[in-house]
Amino acid sequence: MSYQQIYRQSIDQPEEFWRDKAQALPWYKFPQTILGRDENGIDRWFMDGEMNTAYMALDHHVENGRAEQPALIYDSPVADTKKRFTYRELRDEVARTAGMIAAQGVGKGDRVIIYMPMIPEAAIAMLACARIGAIHSVVFGGFAANELAVRIDDAEPKLVLSASCGIEVGRVIAYKPLLDNAIELAQFKPETCIILQRPQAEATMNEGRDKDWHDTIAESEPADCVPVNATDPLYILYTSGTTGKPKGVVRDNGGHAVVMNYSMDAMYGINPGEVFWAASDVGWVVGHSYIVYAPLLYGCTTILYEGKPVMTPDAGAFWRVASEHGAKAIFAAPTAFRAIKKVDPDGELVRQYDIDCIRTIFMAGERLDPPTYDWVTEKTGKPVIDHWWQTETGCVIAGNLQGIEQMPVKPGSATMPAPGFDICILGQDGAGLAPNEHGYITVKLPMPPGCLPTIWGNHSRFTEGYLERFPGYYVSGDGGYMDDDGYVFVMGRMDDVINVAGHRLSTGEMEEIIGRHPAVAECAVFGIPDDLKGEIPLGLALLKDGEDIDADTLSDELKQRVRREIGPIACYDRTLMVKRLPKTRSGKILRRILRQIAADQQYIMPSTIDDPASLDEIREILKKAGIVAG
Ligand code: COA
Ligand code: AMP
C-alpha cells in the first residue's frame with residue numbers, strides 16, 4: 001500500500017488501524033475497547049487490555065527463538081568497556097533487578113527515579129520497573145541537584161537508583177553528591193537509594209538510606225512480570241515547559257508498546273534481528289523510545305553508547321561504533337553531526353571505516369539545517385532522514401516513513417505526517433491555513449496511541465497547555481507550515497522553549513534564576529543561533545536603580561547560578577546589560593522580536609510597542625557584543 005493509503009486509513013478508521021497494529025504484540029488480554037475516554041474526557045487507547053511491557057520486550061523473545069540473540073550492546077569508550085547481553089541474559093538481569101526493587105517495598109504504581117549515566121544498568125532499571133508495574137522517571141545526568149530535587153518533589157519516588165559517577169570525555173562527574181544535595185533540597189524524602197559503585201569514583205554512602213547495588217542485588221530473588229492495564233503509566237519523563245517547573249509527561253504502557261513496535265518497521269524500515277543504534281541518552285525521550293523500548297519490543301539489537309560524537313576519542317566515533325557492531329541505522333541529533341563536521345570537515349574519518357552496514361541515518365531533536373543534511377549525505381553516501389517528534393508524543397509526528405514509502409527528500413522538511421497524526425496548521429484565530437502559510441502546528445484529536453494522556457499530578461496543566469487554545473486540537477508548541485505537496489516544515493517553537501544541542505530547555509526558567517540575583521531588576525532570555533548547538537541562550541539584564549556591578553562580573557555570576565540550578569547542559573554563558581527592554585504598552589517583553597534581531601531576521605514592528613527606540617538600542621548592544629553583524 002502507498003503512504004497515502006496507509007495514512008488515510010489511520011485517520012479515517014483509526015480503531016481498525018491500531019487494532020491491527022496491536023495484534024502484532026503478545027498481550028495477556030487483548031483489548032476489546034480500542035479507543036475510549038477516561039474520567040478526564042481524554043481519548044485513551046486499548047483501555048481494557050492487559051499486558052506487561054518488559055514481558056513483551058524480553059520474555060516473549062526469549063520464549064520465541066531470540067534467547068541467544070544479542071539484545072543490548074554496551075560500548076563505552078570513556079570507561080574502556082564493551083559488553084553484550086543476549087535476550088536471555090538481559091531478561092535475567094532485569095528479573096533480578098526487578099526483585100531488588102520490589103524488595104524495597106516498591107510495587108505497581110510506585111515511582112522510582114533513575115539518575116544514572118549511560119550504563120547498561122540504566123536500561124535494566126527501566127525495564128525492571130516495567131516488569132513489576134512501577135513507574136520510572138529517568139533524570140538526565142547533566143541536570144544539577146536542583147532540577148533533580150524538583151523532579152523528586154513532583155514524582156515522590158519511594159526509591160532512587162543511581163550510580164557513583166558519570167564520565168564526560170576525560171572528566172569523572174560524581175553523581176552522589178548531586179543526589180545527596182537534591183534530597184536535601186527536596187521536601188519529599190525517598191526512603192531508599194541504591195547506588196551502583198563504578199570503579200572511576202567511590203560514592204560515600206548515607207547510613208540508613210543508601211544501599212550498595214551489587215550487595216543488594218546479590219540478596220535478591222528474580223521477580224516475575226506483573227500484568228498491568230494498558231493505560232497504567234509506564235514512565236514519567238520531565239520536559240521543559242514555559243515556566244520554571246518542568247512538566248511530567250506521562251506515558252502509558254499499551255499504546256506506547258504498540259506504537260513503538262509499529263514505528264520500527266513503518267518509520268525506520270528495520271527488520272527484527274537487526275542492529276539499531278540511537279546515539280542519544282536514556283535521559284531523553286529518544287533514549288527511552290529508541291535505545292530501550294522500541295528496538296527490544298521489535299526483537300532488534302540495541303546499542304547503548306557511553307561516549308560523545310567527538311573526542312571519545314575522535315570524530316570517527318560514530319562510524320567506528322556503527323561498523324563494529326553492524327548497525328543498520330543511526331539515529332542522532334543534527335548537533336552531533338555538526339560537531340563531527342567541525343572536526344572532520346573533509347570526512348577523512350568517515351572513509352577510515354567500513355560503513356556499508358548502515359542503511360539510513362535518522363535525525364531529530366531539532367531542525368535539520370540543510371548544510372548539515374548536505375554534508376552527511378555527501379560524506380556518507382547514505383540517505384539522511386529528518387523526522388519531527390517531541391517528548392509528549394514519544395514517537396515521530398512527521399517523517400519520511402522508510403518502511404512505508406521512501407519519499408523524495410526536501411531539505412528543511414520533516415516530510416509527511418506519520419500515521420495517526422492529523423496535522424493541521426492553524427492561524428491565531430484557530431482557522432485552518434492554506435499551504436505555505438505559517439501558523440501553529442497542531443494535531444486534530446484523537447492523538448494516536450503512545451501520546452501523553454496527562455501531566456503527572458497536574459491534569460489542568462495538560463489541558464491548558466495543549467488542548468484549550470484550539471478546542472479539538474493538540475497544540476504542539478511548534479510553528480511552521482505545510483507546502484503544496486503536504487510536506488511539513490517545522491520552523492521553531494512558538495513559546496519560550498529553546499533547543500540547545502538537541503536538549504530542550506526553558507528560557508522562562510533561566511529568567512526566574514536570573515531575576516533572583518539581587519542586582520537584577522528585570523531580564524529576558526532568548527535563543528540566539530549557534531553554529532554547533534543550533535541555539536544557545538542569551539540573557540539581557542536591567543540593573544536595579546543604584547546597582548553598579550561590573551558587567552563581566554554580573555555575567556559570570558549569572559552563568560554560575562544557571563549552571564548550579566539547571567546544570568551545565570543549559571550552556572548559559574552570557575548576559576548583556578541593557579538600560580531598557582522592549583515592551584508592549586501593557587508591559588509584556590517582546591522576546592520574539594529580540595530573537596529576530598539577534599538572528600538578523602526581518603521583523604514587523606508591533607503596533608503595541610511602547611518605545612520603538614528601545615529596539616535600536618538593543619541592536620546596538622548586540623552589535624557591540626559581536627552577536628549581530630555591524
Ligand atoms: N552528565 C554530566 N554533564 C553533562 C552530561 C551528562 N550526561 N551531558 C553533558 N554534560 C555537560 C558537558 O560536560 C558540558 O559541561 P561543561 O560546560 O563543563 O564543558 C555541558 O554539559 C554542555 O554539554 P553539551 O551541550 O553536550 O556540549 P559539549 O560541548 O560537551 O558537546 C555535542 C557537544 C554536540 C557533542 C553534544 O551536545 C552532543 O552530543 N549532543 C547530542 C545531544 C543528543 O543526542 N540529544 C538527544 C536528542 S536526539
Ligand atoms: P523534545 O521534547 O526534547 O524531544 O523536543 C521536542 C522539540 O524539538 C520539538 O517541539 C521541536 O521544537 C524540536 N524538534 C524535534 N525534532 C525536530 C525536527 N526534526 N525538526 C525541527 N524541530 C524538531
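Side notes on the structure shown:
- Cα centroid of segment 216-280 to Cα centroid of segment 303-370, whole Å: 24 Å
- Estimated inter-spin distance, H459 and Q200, nm [label 7 Å along Cα→Cβ]: 4.4 nm
- Straight-distance candidates among the lysines for linking to K308, with alpha-carbon spacing under 19 Å and chain neighbours fewer than 8 residues away dropped: K82, K83, K341, K342, K533.
- Projecting the Cα atoms of F30, V343, F470 onto the charge dipole of the chain, computed from C-beta unit charges around the Cα centre, puts V343 farthest toward the positive end.
- Extending 7 Å from the Cα toward the beta-carbon at both V343 and K579 defines two label points whose distance is 4.6 nm.
- Accessible surface of the chain [probe 1.4 Å, protein heavy atoms]: carbon and sulfur percent: 47 percent
- Once C-alpha pairs closer than 8 Å and six or more residues apart are averaged by separation and normalised to the residue number of segment 501-624, the relative contact order reads 22 percent.
- Gyration tensor verdict on segment 354-396 (Cα atoms; rounded if a/c is under 1.5, prolate if a/b is larger than b/c, oblate otherwise): oblate
- In the chain, Cα pairs under 8 Å separated by at least six residues give a relative contact order of 12 percent.
- Solvent-accessible area per residue for segment 501-624 (1.4 angstrom probe, square angstrom): 50 Å²
- Projecting label points 7 angstrom from Cα along Cα→Cβ for A599 and V409 puts them 2.2 nm apart.
- For segment 579-594, 3J(HN,Hα) per residue [Karplus equation, 6.51 cos²θ - 1.76 cosθ + 1.60, θ = phi - 60°, Hz, x = Gly/Pro]: 8, 7, 10, x, 9, 7, 5, 8, x, 8, 5, 8, 5, 4, 5, 4
- Anchor K211: lysines whose Cα lies under 20 Å away (excluding residues fewer than 8 positions away in-chain): K158, K176, K189
- Looking at the chain, the DSSP beta bridges with both ends there are about 65 percent antiparallel.
- P(r) tail for the chain: Cα pairs beyond 42 Å make up 21% of the total.
- Spatially proximal lysines relative to K579 (Cα-Cα < 18 Å; intrachain offsets below 8 disregarded): K544, K588, K623, K624
- For segment 501-624, the spherically averaged projection of the C-alpha convex hull amounts to 7.8 nm².
- Spatial separation of Cα centroids for segment 8-47 and segment 157-215, in angstrom: 40 Å
The values are calculated or read from the model by the stated rules, or taken from the named source; none is laboratory data. Every value quoted in this text rests on a predicted model; they were computed, and no experiment measured them. Glycine also receives a Cβ, built like all others from the backbone with ideal geometry; neighbour counts cover every protein chain displayed. Keep in mind that these areas ignore ligands, DNA and RNA; they rest on the heavy atoms of the full protein, side chains included. Shrake-Rupley method; radii C 1.70, N 1.55, O 1.52, S 1.80 Å.
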